[in-house]
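Asks: Below: one structure in C-alpha cells.
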Protein chains: 2
Amino acid sequence: MATASLPSDLDRRYGLVRQVVLPGPLPLDGGGSLSPVEIAYETYGTLAPDGGNAILICHALTGDQHVASIHPRTGKPGWWTRMVGAGRPIDPARHFVVCANVLGSCMGSSGPASVDPASGAHWGMAFPVITIRDMVRAQGLLLDHLGVARLRAVVGGSMGGMQALSWPATFPDRVEAAVVIAATARHTAQNIAFHEVGRQAVMADPLWRGGDYYASNEPPAAGLAVARMAAHITYLSEAGLTEKFGRRLQSREAKSFGFDADFQVESYLRHQGIAFVDRFDANSYLYITRAMDYFDLAEEHGGRLADAFRAVPARFCLVSFDTDWLYPTTESRRIVHALNAAGARASFVELSSPYGHDAFLLDSPELNRVVDGFLRADG
Amino acid sequence: MATASLPSDLDRRYGLVRQVVLPGPLPLDGGGSLSPVEIAYETYGTLAPDGGNAILICHALTGDQHVASIHPRTGKPGWWTRMVGAGRPIDPARHFVVCANVLGSCMGSSGPASVDPASGAHWGMAFPVITIRDMVRAQGLLLDHLGVARLRAVVGGSMGGMQALSWPATFPDRVEAAVVIAATARHTAQNIAFHEVGRQAVMADPLWRGGDYYASNEPPAAGLAVARMAAHITYLSEAGLTEKFGRRLQSREAKSFGFDADFQVESYLRHQGIAFVDRFDANSYLYITRAMDYFDLAEEHGGRLADAFRAVPARFCLVSFDTDWLYPTTESRRIVHALNAAGARASFVELSSPYGHDAFLLDSPELNRVVDGFLRADG
C-alpha cells in the first residue's frame with residue numbers, strides 16, 4: 001500500500017507507523033489506572049465527512065498494527081492484506097481503517113517493555129495486569145484522538161475477535177457492527193492450561209529474572225521459544241500438520257537416532273520458536289496471555305453472556321472454522337445463542353478449512369465473501 | 001496385594017521389586033547393542049506347568065513395573081489395580097503376570113540414568129537412542145530369563161499399547177493375543193510436535209547441561225515440569241478439563257490481577273509438573289518420547305501396516321476412547337483395517353468416557369468387561 005495518497009500529509013494523526021502519547025488516565029479493570037497511554041497505530045483511507053466509514057481492526061495475541069502495510073522492521077507485507085486493501089472487503093478507498101497495537105504489547109503501545117515515566121525504568125512486571133476490556137478502552141481513547149465517534153464496524157480474529165465482541169458490550173453506542181472470527185467469549189480450562197504452560201516456560205528461564213531482563217539485553221529467549229512452540233501447535237489442526245509434515249524427515253534419508261530435528265515438524269516448530277523471540281517481548285507474552293485467560297464476557301455481565309448484549313444495537317457476524325480446536329465452532333455457537341437470547345442481530349457461518357485456528361489469517365475466499373457481504377449490508 | 005503367597009519364596013526370579021542384569025547383548029534398532037541389560041520387573045501369580053498363562057503388561061511413557069503392588073517408594077497402590085488383581089480381568093490367581101520397566105526408563109531398567117559399566121559413569125546422553133521395538137526385545141530377554149516361552153497375552157495402554165502391537169509383529173510365535181488400549185501404530189506430526197515441545201523445554205533448562213546433571217544433583221526440574229505440563233494437557237479431554245475445573249478460581253474469591261495460579265486448572269497443572277520431577281529422570285523423558293516419536297509400525301514393515309501382521313497368528317483386541325484426542329479412535333481404526341487386510345483376528349470397541357486419553361487408567365467397567373471377555377475367549 002502506497003503512503004502518498006494517505007491523509008498523513010494533511011494531518012499527522014493519520015497514516016502509517018503512527019504513535020501517540022495520550023494523557024489518560026485509562027481506568028483499568030484490575031483497579032488503578034494508566035497514565036499516560038502510548039498507542040502505536042496505523043490508519044488507511046480517509047474518514048468520511050459524516051464519520052460513517054470507520055473500521056477498527058483488532059489484532060491477535062502476537063499481532064501488530066501493520067495490518068496492510070509493509071512492516072517497517074521486517075519488510076514483510078501486513079498480516080491481513082487478504083482482508084484489507086484495494087478490492088478487499090475492507091478497502092481504504094471506501095473505509096477509514098484503524099489498527100492499533102494492543103495495550104500490553106511490545107510494538108509501540110504501553111506494555112511491560114515500555115518505560116514507566118514515574119520511575120524512568122522499564123515497567124517489567126510492575127506493569128499493571130490488563131484485560132481485553134482494558135485494551136478496548138485504550139482503543140476508545142485512540143478513536144477519540146482520531147475524531148472517530150462511531151465505528152461502522154470492529155473486526156478481528158482470535159484475540160482480535162474477543163476485542164470485537166467486547167467493543168459493543170463496552171461501548172454500545174459507538175459500534176454499528178462487529179465481525180468476530182475464530183474467537184470465543186471466554187477462555188476454557190484447556191485454553192488457560194496451554195497459556196499457563198507457556199508462562200511457566202518463560203518464568204522457568206533463569207534469564208527471565210522476574211521480568212527484569214531489559215537492562216541485561218539477554219531476554220529469556222529459550223523459555224519464550226518453548227512457549228511459542230506449545231501455542232503454535234494449538235493454532236494448527238492435526239490434519240493440517242499431517243498434510244504439511246506427516247512423519248517426513250528433515251533433509252535426511254533416515255532417522256538419526258539422536259535428538260536433532262529429524263522430523264520436518266520438529267524443525268518447523270523450532271524455527272517458529274526461534275523466529276518468535278526476535279520479534280516479541282517475553283513479558284508482553286505473559287501479560288497478553290493473562291488478559292486472554294481472564295476474558296469471560298459473561299462473567300463481566302453477571303454470569304449471563306446474553307446480558308453482555310442487552311440494549312446493544314450492533315449487528316454481529318460470527319465466523320468459525322471447522323478444524324479450529326483452539327476456539328471451536330461450539331464456542332461461536334454459544335455466542336450466537338446469547339446474541340439471539342438478547343435479541344441482537346447475528347449471522348453465523350462455520351467455514352471449512354484444513355488449517356485449524358490459523359485459517360482466519362490464510363487465503364479464504366469464503367471468509368472474504370462473508371465479511372464483504374456483511375459489511376456492505378445496511379445497518 | 002500380599003507378597004506372602006507369591007512364588008518369590010521359591011524362586012528369586014519371581015515376585016515383587018525384582019531386578020535382573022542380563023548379559024545381552026541386546027541388538028538395537030539404531031545400530032550397535034546394549035550389554036549388559038538391566039531390567040526391573042515384577043511378577044504376580046504362578047506360571048502354569050504348561051507355561052500357558054503368562055500375561056505381559058506394558059506400561060506407558062512415565063509408568064513403572066509396580067502395576068498392582070504398593071510402590072516401594074511412594075507407598076501408593078499400583079497404577080493398574082483396576083485391571084490387575086484378585087477378581088480383575090488379569091488375575092494372579094489364574095495368570096502369571098509380568099510387568100517390566102521399559103528400556104530407557106529410570107525405575108531400575110537400563111536407561112540414561114544408569115551407570116555405563118564401561119565408563120563407570122552415568123550414561124546421560126551417551127545412552128543409545130532406543131525404539132519401542134528395542135523395549136519389546138528387552139522384554140523378550142526377560143521372558144527368556146523367567147522361562148516364559150509364550151505369552152497368553154500382551155496387554156498395554158498408550159505407549160504400553162504400542163508395545164502390545166509391536167510384540168506380535170516382532171515375535172509372532174511368542175504371542176497368542178494382544179490387547180491394545182488407547183494407542184496408535186505411529187506417532188503423528190501433532191504427537192511428535194507435543195513431544196518436541198517437551199524435549200525443548202528440558203534442553204532449554206541450563207541445569208540440563210547436555211544431559212550431564214547426575215553429579216550435580218541438580219536435575220533440570222523446571223524444564224521437565226514444563227514438559228510434563230504440556231504433555232498432561234494432551235492426556236485430558238477439553239470436556240473433562242471443563243468439568244473438573246472450568247474457570248473456577250483457586251482458593252480465592254476474585255482474580256488477583258497477577259501471575260499466581262488464579263485458576264484451579266493452573267494450580268493443578270503446576271502441581272502435575274512439580275510432582276513429576278520428583279519421580280522421573282529428565283533424560284529418560286527425552287529417550288522415551290523419542291522412542292514413541294520414532295514409532296511407526298508400518299514403516300518398520302515396508303510402509304504397509306498390514307504387512308506388520310502378515311503370518312501373525314495372534315488375536316487382537318483394540319480399544320479406544322471417544323474423547324481421546326492424543327490417540328483418537330481413527331488411529332485404532334487404522335490398525336483394525338490393517339489387521340483385517342492381513343487376515344488377522346481383531347475385535348475393536350470404542351468406549352465412551354469424558355476423561356480423554358487417561359481414561360484407560362481410570363475406573364471403566366466397560367473396559368474391564370471387554371478385556372476380561374477377550375482374555376477368557378479361547379484362541
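The values are calculated or read from the model by the stated rules, or taken from the named source; none is laboratory data. What you are looking at is a predicted structure, and each value in this text was computed from that prediction instead of being measured. Note that we place each Cβ from the backbone using ideal geometry, even for glycine, and neighbour counts take in every protein chain shown.
Asks: Quick one: how many residues across region B:273-287 are surrounded by 16 or more Cβ atoms within 10 Å (Cβ to Cβ) and either of a type outside the set (A, V, I, L, M, F, W, C) or within 10 Å of chain A (Cβ to nearest Cβ) (or both)? Steps first, please.
Replies: Pass one, region B:273-287, residues surrounded by 16 or more Cβ atoms within 10 Å (Cβ to Cβ): B:273, B:276-277, B:280-287.
If we keep only those that are either of a type outside the set (A, V, I, L, M, F, W, C) or within 10 Å of chain A (Cβ to nearest Cβ) (or both) too, we end up with B:273, B:281, B:283-287.
Adding up the residues that qualify gives 7.
Asks: For B:Gly258, all conditions in the list (1) facing another protein chain (nearest Cβ under 10 Å); (2) in a helix (DSSP H, G or I); (3) not charged (D, E, K, R) hold save one; what is the number of the exception?
Replies: So B:Gly258 meets the others, but not (2).
Asks: Among (1) assigned to a loop (DSSP other than H, G, I, E, B); (2) surrounded by fewer than 24 Cβ atoms within 10 Å (Cβ to Cβ); (3) within 11 Å of chain A (Cβ to nearest Cβ), which single condition is B:Gln190 missing?
Replies: So B:Gln190 meets the others, but not (1).
Asks: Counting only residues that are surrounded by fewer than 21 Cβ atoms within 10 Å (Cβ to Cβ) and in contact (Cβ under 8 Å) with a residue 60 or more places away in the chain, which one in region A:301-311 is nearest to A:Thr188 (Cα to Cα)?
Replies: Taking region A:301-311 as the starting set, the residues that turn out to be surrounded by fewer than 21 Cβ atoms within 10 Å (Cβ to Cβ) are A:301-304, A:306-307, A:310-311.
Narrowing further to those that are in contact (Cβ under 8 Å) with a residue 60 or more places away in the chain: A:301, A:311.
Numbers: A:His301: 17, A:Ala311: 27 Å.
Out of the qualifying residues, it is A:His301.
Asks: Scan region B:337-366 for residues that are among the charged types (D, E, K, R), outside any loop (DSSP other than H, G, I, E, B) and under 22 Å from the mean Cα position of the chain (by Cα) and jot them down.
Replies: So in region B:337-366, the residues among the charged types (D, E, K, R) come out as B:345, B:350, B:358, B:363, B:366.
Subset that is outside any loop (DSSP other than H, G, I, E, B): B:345, B:350, B:358, B:366.
Selection gives B:Glu350, B:Asp358, B:Glu366.
Asks: Among the numbered criteria (1) more than 17 Å from A:Ala222 (Cα to Cα); (2) within 10 Å of another protein chain (Cβ to nearest Cβ), which single criterion is violated by B:Tyr213?
Replies: Result: B:Tyr213 fails condition (2) only.
Asks: Looking at region A:312-329 only, could you name the residues that are among the β-branched types (Val, Ile, Thr), closer than 15 Å to A:Ala183 by Cβ and surrounded by fewer than 24 Cβ atoms within 10 Å (Cβ to Cβ)? Working first, answer last.
Replies: Within region A:312-329, the subset among the β-branched types (Val, Ile, Thr) is A:312, A:319, A:323, A:329.
Narrowing the set further to residues that are closer than 15 Å to A:Ala183 by Cβ leaves A:319, A:329.
Correct list: A:Thr329 only.
Asks: Run B:Arg133 past the list (1) within 14 Å of chain A (Cβ to nearest Cβ); (2) of a type in the set (D, E, K, R); (3) surrounded by fewer than 21 Cβ atoms within 10 Å (Cβ to Cβ) and report the number of the one that doesn't hold.
Replies: So the condition that B:Arg133 fails would be (3).
Asks: Output yes when any residue across region B:159-172 is within 14 Å of chain A (Cβ to nearest Cβ), more than 20 Å from B:Val371 (Cβ to Cβ) and assigned to a helix (DSSP H, G or I), and no when none is. Explain how you work it out, then say what you get.
Replies: From region B:159-172, those within 14 Å of chain A (Cβ to nearest Cβ) are none; that's our starting set.
Looking through region B:159-172, none of the residues is within 14 Å of chain A (Cβ to nearest Cβ), more than 20 Å from B:Val371 (Cβ to Cβ) and assigned to a helix (DSSP H, G or I).
Asks: If we scan region A:73-82, do we find a residue that is at pLDDT 95 or above, within 19 Å of A:Gln163 (Cα to Cα), assigned to a loop (DSSP other than H, G, I, E, B) and of a type in the set (D, E, K, R)?
Replies: No.
Asks: Another question, then. May I ask you to say which residue of B:Gly63, B:Gly24, B:Gly30 is on the phi > 0 side of the Ramachandran plot and either crowded, with 22+ Cβ neighbours inside 10 Å or in a loop (DSSP other than H, G, I, E, B) (or both)?
Replies: B:Gly24
Asks: Could you tell me which of the residues A:Glu42, A:Glu38 is surrounded by 21 or more Cβ atoms within 10 Å (Cβ to Cβ) and of a type outside the set (S, T, N, Q)? Walk me through how you get there before you give the answer.
Replies: Values: A:Glu38 fails: surrounded by 21 or more Cβ atoms within 10 Å (Cβ to Cβ).
After applying the criteria, what remains is A:Glu42.
Asks: Being hydrophobic (A, V, I, L, M, F, W, C) and more than 8 Å from chain A (Cβ to nearest Cβ) is the filter here; which residues of region B:225-235 pass it? Break it down into steps so the answer makes sense when it comes.
Replies: At the first step, the residues of region B:225-235 found to be hydrophobic (A, V, I, L, M, F, W, C) are B:225-227, B:229-231, B:233.
B:Ala227, B:Ala231 - these are the residues of region B:225-235 that are hydrophobic (A, V, I, L, M, F, W, C) and more than 8 Å from chain A (Cβ to nearest Cβ).
Asks: For residues that are part of a helix (DSSP H, G or I) and in contact (Cβ under 8 Å) with a residue 12 or more places away in the chain, tally how many sit in region A:323-336. Can you show your working first?
Replies: As a first pass, look at region A:323-336 and keep what is part of a helix (DSSP H, G or I): A:329-336.
Add one more test, that the residue is in contact (Cβ under 8 Å) with a residue 12 or more places away in the chain, and what stays is A:329, A:331-336.
Residues in region A:323-336 being part of a helix (DSSP H, G or I) and in contact (Cβ under 8 Å) with a residue 12 or more places away in the chain: 7 in total.
Asks: Has region A:210-217 got at least one residue that is assigned to a helix (DSSP H, G or I) and in the same structural domain as A:Phe280 (by TED's automatic domain parsing)? Show your work before the answer.
Replies: Keep residues of region A:210-217 that are assigned to a helix (DSSP H, G or I), which gives A:210-211.
Adding the requirement that they be in the same structural domain as A:Phe280 (by TED's automatic domain parsing) leaves A:210-211.
Yes, region A:210-217 has at least one match.
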